[in-house]
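K.L.:
Here's a structure for you.
Where a number appears in this text, it was derived from the coordinates with a stated rule and is not lab data. Here the structure is a predicted model, which is why all the values come from computation and not from measurement. Cβ placement follows ideal geometry from the backbone for every residue including glycine, while neighbour counts extend to all protein chains displayed.
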Amino acid sequence: MSKRKRAGIQVAALSIICGLIIWHVIHWQASGMYLEMFWWVGTDKGCITVLYNLGLMVLLGAVLGFLMEKMTVLLGYHVGAARQSDEGGGAR
């Protein structure tokens, strides 16, 4: 399987995962679960709220990072190697 085809499949899978995370957040907001978790902050369940939100941010950030990387591969963007100049015209 070619590198671009594999990247296309990964972009589709990561897009679905990202969509499911966003759907989860919208569903919990609509059902009032986030409001209930907001009231947990002053109680013993406060760490659950903090860990949930932190985990959600880390997970979505990682998925978006991988998605951007695979989209770059899919679009075929290549970074060339930087050339070192031995001439004296550079900044000193």
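K.L.:
Over 30 Å from Gln10 (Cβ atoms) and in contact with a Phe, Trp or Tyr (Cβ under 8 Å, 6 or more places away or on another chain) - does that describe any residue in segment 37-45? Quick ask: steps written out before the conclusion?
P.N.:
The initial filter retains those residues of segment 37-45 that are over 30 Å from Gln10 (Cβ atoms), namely 37-45.
Now restrict to residues that are in contact with a Phe, Trp or Tyr (Cβ under 8 Å, 6 or more places away or on another chain): 37.
Scanning segment 37-45 turns up at least one residue that is over 30 Å from Gln10 (Cβ atoms) and in contact with a Phe, Trp or Tyr (Cβ under 8 Å, 6 or more places away or on another chain).
K.L.:
Does segment 31-72 hold any residues that are out of contact with any Gly (no Cβ under 9 Å at 6 or more places or on another chain) and touching a residue at least 60 places away in the same chain (Cβ under 8 Å), and which are they? Before you say what the answer is, go through the steps one by one.
P.N.:
From segment 31-72, those out of contact with any Gly (no Cβ under 9 Å at 6 or more places or on another chain) are 31-39, 41-69, 71-72; that's our starting set.
Result: Met71, single match.
Residue-by-condition table, conditions (1) among the hydrophobic types (A, V, I, L, M, F, W, C); (2) touching a helix residue (DSSP H, G or I) at 6+ places or on another chain (Cβ under 7 Å):
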position: Val11; (1), (2): yes, yes
position: Ile17; (1), (2): yes, yes
position: Ile21; (1), (2): yes, yes
position: Ile26; (1), (2): yes, no
position: Trp39; (1), (2): yes, no
position: Thr43; (1), (2): no, no
position: Gly55; (1), (2): no, no
position: Leu67; (1), (2): yes, yes
position: Met71; (1), (2): yes, yes
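K.L.:
When you scan the chain for helices (runs of 4 or more DSSP H) that lie fully inside it, which ones turn up with 3 or more residues that are aromatic (Phe, Trp, Tyr) and under 17 Å from the mean Cα position of the chain (by Cα)?
P.N.:
Working: elements: 3-31, 33-39, 46-75.
It comes to none.
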